[in-house]
Amino acid sequence: MLPGSKNNSSPGELERLAGKKPALQLRAKVLQALRLFFISHGYLEVETPFLIPAPAPEAHIDAVRAGDAFLHTSPELCMKRLLCAGYPKIFQICACFRNNERGNLHLPQFTLLEWYRLGANYFELMKECEDMVNFVSNHLGMGSKIKYQSLELDLKAPWQRISVQEAFARHASLSMKEALKRESFDKVMVEEIEPKLGSPKPTFLYDYPASHAALARLNKKEPGFAERFELYAAGLELANAFSELTDAEEQKKRFEKEREKRRREGKDVYPMPERFLKALSHMPEAAGIAFGVDRLVMLFADTPCIDKVVAFSPEEL
Amino acid sequence: MYNASDLRKGLKIQINKEPYIIIDFQFSKPGKGQALYRCKLKNMISGVIVDRTYRSVDTFEPANLEERKMQYLYNQGEEFFFMDLENYEQITLKSDQVGEARNFLVDNLEVEISFFDNRPIGITLPNFVDLKVVSADPWAKGDSVSGDSKPVTLETGYKLRVPPFIEEGSKITVDTRTGEYVTRVKE
């Protein structure tokens, strides 16, 4: 029972579900288009287990416990193990689970599309995002000009590319350096920067401070930054990507740091994903990306609420 | 005690010994960053609205309110009258205390009135209320602007969009939290 809600059951269940039909049909078409795109670009569709012994230890991502194991928060670790073993282009579309995430843009169970490419870097993934989203839009018969929540969105490539540092300088009341010092990076990002990103062209926000990328490779020329980007369309965050960190020692150190942060905040501390770390020691250069499928459907359905693009929200179960 | 993850629209919490209701709520989590709970809060006594951003480690006291079941009687100008169904005591709320709830207040509706220091300060409606449609235009099919819905006016004067099959005189269920149509009431 939610605090603040009253105990009278919801009428109109049938009408509510029937009313979702256009959105669910759109969702099915988006899923079909995504599969078509990746298969026709030489990617192998893979499935990795949802039930895993050790999720990636990240400070701000909480896993759901399931018996002695956990539900995966993303298929990242298992997919990278495949990548290391000689699967050069793989993709997966699957449900992921994150505790304590619920809002207009968040569900505790949501659908992620992840894809990984050997020999690529994060800039090449940007290009692939442009191609993929345009492919989906064409498949839906929507072309390259759409509207999201009355904001113009022009999907024609190339999209806007702006570094995190530049975005702070342009949109925020303080510099990135200052925000990091005051521990208000996330707050400024949400309140001042995100709303201004992604219109009329979608925006790649790239080169995050090294402290904000647990699994990304640091920039060789500027090691204070990680080769990571987030994609925004009309203020909506769609994807997170990076050039993969391939140094097992460094990865272990970063996981230790993240686990320490969790311990300090009194959060569940996950076991170290040892097999992943072992595999990482022979991972060649690669890049990978996690793309929110529900958010992509929201964009094309022009709805501000993620509940509208899934049949059941947790409260409706 | 509430945690940040309990925060949502409609929740009443105490800040500096005064009761506040969350009137708008947004959960944010910038990629890989920490969860942020952005609230628009209304002081339930003064009506002053403030913005606050909380983090997942923050905790909150529930507002120290007494809730009493009462029946809505009628309104006279800016005053709305309610009666306690147990002791027949009557109380009055000003229209700014009733706020948007006036859109769904029909005679004899049972509501909850919040008391702070024995003073009535606010109202909570049932989530779903049945209301009569007093005016509805016939639906012009092919009107691509309005899509699959048309505007109607309810007995309270509230206007909303409903499916085309709803006619003048029908009774419909409205979700008072969103102000949206839910279903037609079968008589």
Descending semi-axes in whole angstrom, ellipsoid equivalent of the stretch B:2-62, from the Cα gyration tensor: 21, 12, 9
Please name whichever of B:Ala4, B:Tyr54, B:Gly33 sits farthest to the positive end of the charge dipole of the stretch B:2-62, dipole taken about the Cα centre and charges placed at Cβ: Lys and Arg +1, Asp and Glu -1. B:Gly33
Using amide H atoms built in the peptide plane, which far-off residues or other-chain residues are under 5 Å from B:Ile15 H to H? B:Tyr20
Just tell me, in residue order, which DSSP H segments of chain A are both 18 angstrom or longer along the helix axis (alpha-carbon based) and at least 0.5 in mean Kyte-Doolittle hydropathy. A:21-40
Percent relative contact order for the stretch B:2-62, counting Cα pairs under 8 Å at least six residues apart, stands at 37
Around B:Met1 (Cβ within 15 Å, Cβ-to-Cβ, excluding B:Met1; K/R +1, D/E -1) the net charge comes to -2
Point-charge dipole on Cβ atoms (K/R +1, D/E -1) for the protein assembly as shown, about Cα centre, debye to 20: 1400
Given charges at Cβ of Lys, Arg, Asp, Glu: the stretch A:11-316 dipole, positive-most of A:Met176, A:Gly67, A:Thr303: A:Met176
Using θ = phi - 60° and the Karplus curve 6.51 cos²θ - 1.76 cosθ + 1.60, what whole-Hz ³J(HN,Hα) does each residue of the stretch A:96-102 get, with Gly and Pro shown as x? 10, 10, 9, 6, 6, 10, 8
What is the list of residues in the stretch A:97-132 whose amide nitrogen lies under 16 Å from a point 7 angstrom out from the Cα of A:His41, following Cα to Cβ? A:113-132
Give the relative contact order (percent, whole number) for chain B; include only Cα pairs under 8 Å separated by 6+ residues. 14
Would you list the P(r) distribution for the stretch B:66-124, with all Cα-Cα distances sorted into 10 Å bins from 0 and each bin expressed as a whole %? 25, 64, 11
Of the candidates B:Gln71, B:Gln97, B:Gln34, which one comes out as most mobile in a Gaussian network treatment of chain B with C-alpha springs shorter than 10 Å? B:Gln34
Size of the dipole of the stretch A:199-317 about the Cα centre, Lys and Arg at +1 and Asp and Glu at -1 on the beta carbon, nothing else charged, in debye to 20? 460
Take the Cα gyration tensor of the stretch A:11-316, multiply each eigenvalue by 5, square-root it, and list the three semi-axes largest first, rounded to whole angstrom. 28, 24, 21
For the protein assembly as shown, build the charge dipole from Cβ charges (+1 Lys, Arg; -1 Asp, Glu) around the Cα centre, then report which of A:Ala286, B:Ile166, A:Gln160 sits farthest towards its positive end. A:Ala286
Taking a ≥ b ≥ c as the square roots of the eigenvalues of the Cα gyration tensor, with a/c under 1.5 meaning rounded and otherwise prolate when a/b exceeds b/c and oblate if not, the stretch A:102-166 is rounded
Pick from B:Lys32, B:Lys69, B:Lys150: which is most flexible by mean-square fluctuation in a GNM of chain B where alpha carbon atoms under 10 Å apart are linked? B:Lys32
So what's the net charge close to B:Pro62: Lys and Arg +1, Asp and Glu -1, counting the other residues with Cβ under 15 Å from its Cβ? -4
Computed over the stretch A:11-316, the relative contact order (Cα-Cα under 8 Å, seq sep at least six) in percent reads 23
Once each part is reduced to its C-alpha centroid, what is the distance from the stretch A:128-160 to the stretch A:42-86 in angstrom? 30
Over the protein assembly as shown, the sum of -39500 (n - 2.57) across DSSP H runs of at least four, divided by residue number and rounded to 500 deg cm²/dmol, gives at 222 nm -6500 deg cm²/dmol
What does the net charge come to around A:Arg98 if you take all other residues with beta carbon closer than 12 Å to its beta carbon, with K and R at +1 and D and E at -1? 0
Listed residues B:Asp24, B:Asp148, B:Asp84, most fluctuating in chain B (Gaussian network, C-alpha, under 10 Å): B:Asp148
For the stretch B:1-149, shape from the Cα gyration tensor axes a ≥ b ≥ c, cut at a/c of 1.5 then a/b versus b/c, turns out oblate
Considering only chain A, what is the antiparallel percent among its DSSP beta bridges, to the nearest 5? 90
Would you mind working out the magnitude of the charge dipole of chain B relative to its Cα centre, with +1 at each Lys and Arg C-beta and -1 at each Asp and Glu C-beta, to the nearest 20 Debye? 940
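None of the figures in this text is laboratory data; all of them are computed from the coordinates on show. As the structure is a computational prediction, the values presented were derived from the model and not from experiment. When we count neighbours, we look across all protein chains shown, and the Cβ atoms used for this are built from the backbone with ideal geometry, even at glycine.
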